[in-house]
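What follows is a short report on a single structure.
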Amino acid sequence: MLVQINSDKNVFVNADISSRIEAEVGTALARFAGDLTRVEVHLRDDSAGRSTTDDIRCLIEARPTGQQPVAVTENAQSVTAAVTGAVEKLEAMLGSKFGRLDDKDLRHTIRGS
């Protein structure tokens, strides 16, 4: 699973922050690693540098193998909070998505169809 991090000019992401984001995404989504080809993290300052509340936006797009991409967003006051919130949402979404797929496969196997 490849993790790509993109940011606009108003969000400072150095190598240390980038590696922490990659580690957080990798740890949270480890159980789905075999089912995902790529995860893209997009960071943006919605207020373009002005100081406002919840102006950092994190959009995370996951690309499941052979399926349509899924995406979640989270707005927060800091990059860390925005990434953590978005990762939690994505983990829940993928758990539900892959859980439903597993249930379908299991039902198919049990019925013998």
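Residues are listed down the side, and each one gets a yes or a no for (1) in a helix (DSSP H, G or I); (2) touching a His at 6+ places or on another chain (Cβ under 6 Å); (3) at pLDDT 95 or above:
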| residue | (1), (2), (3) |
| --- | --- |
| 41 | no, no, yes |
| 52 | no, no, no |
| 58 | no, no, yes |
| 61 | no, no, yes |
| 72 | no, no, yes |
| 85 | yes, no, yes |
| 90 | yes, no, yes |
| 94 | yes, no, no |
| 97 | yes, no, no |
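Looking only at region 9-19, how many residues end up being touching a helix residue (DSSP H, G or I) at 6+ places or on another chain (Cβ under 8 Å) and assigned to a helix (DSSP H, G or I)? Adding up the residues that qualify gives 1. When you go through (1) within 18 Å of residue 92 (Cα to Cα); (2) without any contact (Cβ under 8 Å) to a residue 40 or more places away in the chain; (3) open to solvent by 40 Å² or more (accessible area, probe 1.4 Å) one by one for residue 24, which number turns out not to apply? If we test residue 24 against (1) within 18 Å of residue 92 (Cα to Cα); (2) without any contact (Cβ under 8 Å) to a residue 40 or more places away in the chain; (3) open to solvent by 40 Å² or more (accessible area, probe 1.4 Å), just (2) comes out false. For the criterion of being within 21 Å of residue 4 (Cβ to Cβ) and either at pLDDT 95 or above or open to solvent by less than 60 Å² (accessible area, probe 1.4 Å) (or both), residue 15 fails. Among residues of region 87-110 that are within 14 Å of residue 71 (Cβ to Cβ) and charged (D, E, K, R), those with a beta-carbon under 6 Å from a residue that is at pLDDT 55 or above and open to solvent by less than 100 Å² (accessible area, probe 1.4 Å) at least six positions away or on a different chain give the pairs 89/72; 91/28. Residue check: is residue 47 of a type outside the set (D, E, K, R), open to solvent by less than 40 Å² (accessible area, probe 1.4 Å) and part of a loop (DSSP other than H, G, I, E, B)? Spelling it out, residue 47 is indeed of a type outside the set (D, E, K, R), open to solvent by less than 40 Å² (accessible area, probe 1.4 Å) and part of a loop (DSSP other than H, G, I, E, B).
The values are calculated or read from the model by the stated rules, or taken from the named source; none is laboratory data. Because the structure is predicted, anything quoted here is derived from the model rather than measured. FYI the Cβ positions are ideal-geometry reconstructions off the backbone, even for glycines, and counts take in every protein chain you see. Surface areas here come from the heavy atoms of the whole protein model, side chains and all, with no ligands, DNA or RNA. Shrake-Rupley method; radii C 1.70, N 1.55, O 1.52, S 1.80 Å.
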